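The values are calculated or read from the model by the stated rules, or taken from the named source; none is laboratory data. Nothing here was measured: the structure is a model prediction, and the numbers come from that model. In this analysis, Cβ positions are derived from the backbone assuming ideal geometry, glycine residues included, and neighbour counts consider all displayed protein chains. Side chains are part of the model used for accessible areas, which takes the heavy atoms of the whole protein and leaves out ligands, DNA and RNA. Shrake-Rupley method; radii C 1.70, N 1.55, O 1.52, S 1.80 Å.
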Amino acid sequence: MKIDVDDSNWIRPMPNAIISCRSKDGHDNALAIGFISNIATDPLMIMVAIRPSRYSHEIIKETKNFVVNLPTKDFKREFDYLGSVSGYDEDKLTSINTTDADVINAPILTDCPINYECSLIDVYSPGSHDLFIGKVEKVHCDDKYLTKEKSVNWEKIDLL
Ligand SMILES: Cc1cc2nc3c(=O)[nH]c(=O)nc-3n(C[C@H](O)[C@H](O)[C@H](O)COP(=O)(O)O)c2cc1C
């Protein structure tokens, strides 16, 4: 059966990611994201789609830096909060653990076991969301999720 092409029929399930960023005046923010994808392996690149109305959109467009954090199931309460409240209205990271990224100027969410530091290389505006293309500058992974060969053991991580 054909169904309507409407604004609720996007592909599911979606990955759950949290994008964190830091404004030019040093204010940290993060939002929940479902529209995210790998787009290249050499160099490693990731696309995140963010509506222009989000506070994170304003920050990333200006600073050209963001971190992709992958949460586990036990981070659901925080994920839902970051996905329902805007940094325009609240300081969202006050009770969430962060540390500074190594290569870019942005916070990393330390309770998320995998984090990709990204520098923005391009933005496309095909519709409701703007596509931010990030080049991965550094990847962090909790030691307990690494294989002996030092790659990520995805099967061990209980991703949200
Ligand atoms: C499961 C889930 C997925 C979401 N995916 C996106 C997304 O892909 N792009 C987007 O712009 N907003 C998405 N949102 C909404 C933002 O996370 C939400 O509007 C957030 O409050 C924006 O925060 P900010 O204004 O501080 O950036 C999602 C929310 C949830 C709960």
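Other residues with beta-carbon under 9 Å from the beta-carbon of Y116 carry, at +1 per Lys or Arg and -1 per Asp or Glu, a net charge of -1.
Could you rank V5, V68, V152, V103 by how accessible they are, 1.4 Å probe, largest area first?
Numbers: V5 150, V68 0, V152 35, V103 85 Å².
Per-residue accessible area, sorted high to low, gives V5, V103, V152, V68.
Note on the chain: helix-only mean residue ellipticity at 222 nm, from DSSP H runs of 4+ residues weighted -39500 (n - 2.57) and normalised by residue number, equals -2500 deg cm²/dmol. Remark: segment 87-141 carries a charge dipole of roughly 180 debye about the Cα centre, counting +1 on each Lys and Arg Cβ and -1 on each Asp and Glu Cβ.
Spatially, segment 43-61 and segment 83-160 are offset by 12 Å when compared through their Cα centroids. Once the 1.4 Å probe is applied to the protein heavy atoms, the chain comes out at 59 Å² accessible per residue.
Could you tally the net charge around K138, taking each other residue with its Cβ under 15 Å from the Cβ of K138, Lys/Arg +1 and Asp/Glu -1?
On the way: positive: K135, K150; negative: D100, D102, E117, E137, D142.
Once positives and negatives cancel, what remains is -3.
Assuming a ≥ b ≥ c are the square roots of the Cα gyration tensor eigenvalues, decide whether segment 17-156 counts as rounded (a/c under 1.5), prolate (otherwise, with a/b larger than b/c) or oblate. Oblate, since a/c reaches 1.5 and b/c is not below a/b.
Could you list, in their original order, any pairs among K73/K148; K64/K150; K76/K156 whose Cα atoms are separated by more than 27 Å? Pairs exceeding the cut-off: K64/K150. With all protein chains in place and a 1.4 Å probe, the accessible surface of segment 17-156 carries 46 percent carbon and sulfur. Highest mobility in the GNM of the chain, judged by mean-square fluctuation with C-alpha springs under 10 Å and restricted to K64, K150, K135, is found for K150.
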